[in-house]
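K.L.:
Mind looking over this structure? Questions follow.
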Amino acid sequence: MRNVVLTRVDERLIHGQVMTSWLKLCNANVILIIDAGSASNAFLKRILFAAAPKDVELQVMNEADAAAYLKEDSPDGEKVLVLSKTPQPLLAMVRSGIEIKEIILGNMGGAPGRKHFNKSISASADEIQAFRDLVDAGVYVYCQMVPSDAKEDVKKLLK
């Protein structure tokens, strides 16, 4: 399997906090975005590639392609940071046999059909169920905007 060093849900995908904090923290040299909408939209992909650091490889894939990619062996020295807008693609990875030990929740903004349950996280009923399913599968899921923030276990929020 690929050497995944950090997995994060953040609807903003590539942005300042990911680039200045999380990427440095895990020293990743590959970013894998799992998002079918972005993978199938040439304009969005161009924006993501423009936002990514030039010394970091960027992959933008749908769930099926990401699962196949993650099951491949890592080249020496590869460190992959996985990003997703929502938890469902990560649940699909777990269900396809990809081992994910922990997921950091970043920003998921308010929108119609989403319930606010943390200062920066709102989730729909389907997203909340995906978090529950991930936790039930043994994945440690926690909220943390930046590395210096305390971790808040998502189990407390799902009651």
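K.L.:
Please compare each pair in K24/K54; K24/K119; K45/K71; K54/K79; K24/K45 to a cut-off of 18 Å on the Cα-Cα distance and tell me which ones are over it. Show your work: numbers first, answer last.
P.N.:
Values: K24/K54 14 Å; K24/K119 24 Å; K45/K71 23 Å; K54/K79 16 Å; K24/K45 23 Å.
From K24/K54; K24/K119; K45/K71; K54/K79; K24/K45, over 18 Å: K24/K119; K45/K71; K24/K45.
K.L.:
Then there's this: What distance in nm separates the two pseudo spin-label positions at D126 and K155, each 7 Å out from Cα along the beta-carbon direction?
P.N.:
2.8
K.L.:
Further question on the same structure: For the peptides 86-93, 2-9, 68-75, 130-137, what is the packing order when you average, over each peptide's residues, the other Cβ atoms within 10 Å and list the highest mean first?
P.N.:
Highest mean packing first, the order is 86-93, 2-9, 130-137, 68-75.
K.L.:
If you don't mind, there's one more thing I want to ask. In square angstrom, rounded to the nearest 10, how much accessible surface does K156 have for a 1.4 Å probe?
P.N.:
In the full protein context, K156 sits at about 140 Å².
K.L.:
So who's got an amide H within less than 5 Å of the one on I33, skipping anything under 5 residues away but keeping other chains? H placed 1.01 Å off N, in plane.
P.N.:
Long-range HN contacts for I33: Q59, V60, M61, L83.
K.L.:
In sequence order, what are the phi-derived ³J(HN,Hα) couplings for region 98-107 according to the Karplus relation 6.51 cos²θ - 1.76 cosθ + 1.60 with θ = phi - 60°, rounded to whole Hz, with x for glycine and proline?
P.N.:
For region 98-107, the Karplus-derived couplings read 7, 7, 10, 7, 8, 10, 9, 8, x, 8 Hz, x marking Gly and Pro.
K.L.:
Roughly to the nearest percent, how much of the accessible area of region 1-148 is carbon and sulfur, given a 1.4 Å probe?
P.N.:
Taking all protein chains in place, region 1-148 shows 51 percent carbon and sulfur surface.
The values are calculated or read from the model by the stated rules, or taken from the named source; none is laboratory data. These numbers were taken from a predicted model, which means no experiment stands behind them. Every residue, glycine as well, gets a Cβ built from its backbone with ideal geometry; the counts of neighbours run over all protein chains shown. Just so you know, the surface numbers come from the protein's heavy atoms only, side chains and all, with ligands and any DNA or RNA stripped out. Shrake-Rupley method; radii C 1.70, N 1.55, O 1.52, S 1.80 Å.
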